[in-house]
């Protein structure tokens, strides 16, 4: 067992030259009550554990899973710039000869090499793609090289694309009129194509599924129910069409607004242009709503699940009717047949009785007529034999 030794701590004496400090004479600042707000990664981690009722081990596991997910999205290269080829798409000749003044007509995703991602591209992926394009097409890097006279113009297109896509509001406006999807909006199957297809059922789901997937990106409510499959239950099918008939779209058309003439100070021109833009936005919004409603109507009219559900309901009603009758159903049928037979026999008996009654009435009438005739003869014979 260890021994405990107590040591006396004696402070050293003050030096002979020490003197107490003199007061500065300045007033003491008044006390101020300040509110301290918790912040920082440690506090956020504490909140997550408290809200989700997680232990430290469970929280660490979730953090590790999230790190792996982000690593899969952003790549594992240096500074995360690998990202599975983000920004590495080769530029076409048409892309390289874009006029930066016509920036509203350019495909910003294609300019940054994000054509395969488009509206799904994350902010980090846009940042990485922009960095790659700048390193590749910066005018200082291409200075003095032959055949790159337009590279400065394409660099301006890159900067404009980054400016649009890194601004949440302007990116949403561009996504609303993305030229890539505008070209696909007319790619909707017709009723005749579905009817004339070799396998209408397979054709319906193959053609309509990507249509609803494209339109789902505009929904204010997420997640959006997709078309599904032929074997979906009735409530799922009804929920799908109920959602799309009440579809709330955030799509807008400000990106297509006509710009006010540069340098114009005329207020009337500005007001007229703003009024015209507002009218055009409303018209396009109305047409887009009608277009989407037409797609939903067409899908509902040709959905093979509707016919299947109706047939299933009919079969269920018939089965219920048969099960309700059971064995008694056969007895009921026999009973009805017997009642019908009895009714026919009763009608026949009454007819025969009426026939007999008519015959007897006819005989009684004939007998009465003969008796009256005989009485008249007897009366005449008596009158002729009487004395004069």
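A few points about this structure:
- Flag for residue 288 being touching a residue at least 24 places away in the same chain (Cβ under 8 Å), closer than 24 Å to residue 119 by Cβ and touching a strand residue (DSSP E or B) at 6+ places or on another chain (Cβ under 9 Å): yes
- Among the conditions (1) modelled with pLDDT of 95 or more; (2) more than 28 Å from the chain's Cα centre (by Cα), residue 270 misses just one, which is (1).
- Taken over the stretch 255-279, residues that are surrounded by 15 or more Cβ atoms within 10 Å (Cβ to Cβ) and under 24 Å from residue 119 (Cβ atoms) amount to 3.
- Among the residues of the stretch 139-154, the one identified as at pLDDT 85 or above and either more than 15 Å from residue 110 (Cβ to Cβ) or touching a strand residue (DSSP E or B) at 6+ places or on another chain (Cβ under 8 Å) (or both) is 153.
- Here residue 252 meets each of (1) in contact with a helix residue (DSSP H, G or I) (Cβ under 6 Å, 6 or more places away or on another chain); (2) part of a helix (DSSP H, G or I) with one exception, condition (2).
- Any chance residue 119 is modelled with pLDDT of 90 or more, within 23 Å of the chain's Cα centre (by Cα) and assigned to a helix (DSSP H, G or I): yes
- Scanning the stretch 81-90 turns up no residue that is in contact with a helix residue (DSSP H, G or I) (Cβ under 9 Å, 6 or more places away or on another chain), under 23 Å from residue 176 (Cα atoms), modelled with pLDDT of 90 or more and not in a helix (DSSP H, G or I).
- Taking the conditions (1) touching a helix residue (DSSP H, G or I) at 6+ places or on another chain (Cβ under 8 Å); (2) exposed (fewer than 10 other Cβ atoms within 10 Å of the Cβ) in turn, residue 14 satisfies each one other than (1).
To keep it simple, each residue is scored yes or no on (1) touching a residue at least 24 places away in the same chain (Cβ under 8 Å); (2) within 21 Å of the chain's Cα centre (by Cα); (3) not in a helix (DSSP H, G or I).
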| site | (1), (2), (3) |
| --- | --- |
| 172 | yes, yes, no |
| 175 | yes, yes, no |
| 181 | yes, yes, no |
| 187 | yes, yes, yes |
| 201 | yes, no, no |
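- Residues in the stretch 230-254 that are more than 30 Å from residue 201 (Cα to Cα) and surrounded by 14 or more Cβ atoms within 10 Å (Cβ to Cβ): 251, 252, 253, 254.
- The listed residue being surrounded by fewer than 13 Cβ atoms within 10 Å (Cβ to Cβ) and touching a residue at least 24 places away in the same chain (Cβ under 8 Å), out of 191, 153: 191
- The set of residues from the stretch 115-138 being closer than 15 Å to residue 174 by Cβ and either touching a strand residue (DSSP E or B) at 6+ places or on another chain (Cβ under 7 Å) or without any contact (Cβ under 8 Å) to a residue 40 or more places away in the chain (or both) comprises 117, 120.
The values are calculated or read from the model by the stated rules, or taken from the named source; none is laboratory data. No experiment lies behind these values; they were computed from the predicted model shown. Because the Cβ atoms are built from the backbone with ideal geometry, glycine has one as well, and the counts that use them run over all protein chains shown.
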